[in-house]
Amino acid sequence: MQKQVIEFGGEPVGIVIPDQDRLKFIAVKFHVIDLDEQRFDTPDDVRSAIRDLVRARNAAPSAHV
């Protein structure tokens with residue numbers, strides 16, 4: 001497998017590359033940077049992690065300055 005683009009909401013947010021018998025996620029958008037360089041079994045696992053991350057951020061109360 002070569003690199004594969006990962007999209008979320010119709011927007012490319014990173015790529016996965018083969019690494020240590022798994023797929024390493026390389027983030028290219030700031031809102032998914034927390035997942036950068038994490039390893040996953042499948043591209044669908046990456047998308048699920050992104051979805052969970054975005055949901056958690058949207059559910060968290062924002063700090064007011």
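Bear in mind that the values in this text are calculations on the coordinates, not laboratory data. Just so you know, these numbers come straight off a predicted model, no measurement behind them. Backbone-built Cβ (ideal geometry, glycine too); neighbour counts: all protein chains shown.
What is the sum of charges, Lys and Arg at +1 and Asp and Glu at -1, for the other residues whose Cβ falls under 15 Å from the Cβ of R39? Let's see the in-between values first.
Values: positive: K3, R22, K24, R47; negative: D19, D21, D34, D36, E37, D41, D44, D45.
That sum, taken over residues with Cβ under 15 Å, equals -4.
Against the chain, whose longest principal axis is taken from its Cα atoms, helix 43-59 shows a tilt of about 10°.
Net charge near K3, counting Lys/Arg +1 and Asp/Glu -1 over other residues with Cβ under 13 Å of its Cβ? Display every interim value, and only then the final one.
On the way: positive: K24; negative: D19.
Result for the neighbourhood of K3: 0.
The residue among G14, I33, A59 whose Cα reaches farthest toward the positive pole of the charge dipole of segment 4-59, with charges on the beta-carbon of Lys, Arg, Asp and Glu, is A59.
Length gained on full extension, I17 to S48, computed as 0.36 nm times the residue gap minus the Cα-Cα distance: 9.5 nm.
Assuming R0 = 22 Å, can you tell me the calculated FRET efficiency for the pair E37 and K3, based on Cβ-Cβ distance, to the nearest 0.05? The partial results should precede the final answer.
Numbers: r = 14 Å, r/R0 = 0.64.
Once the sixth-power term is evaluated, E becomes 0.95.
Here the alpha carbons of the chain define both size measures, Rg and Dmax, at 12.6, 46 Å.
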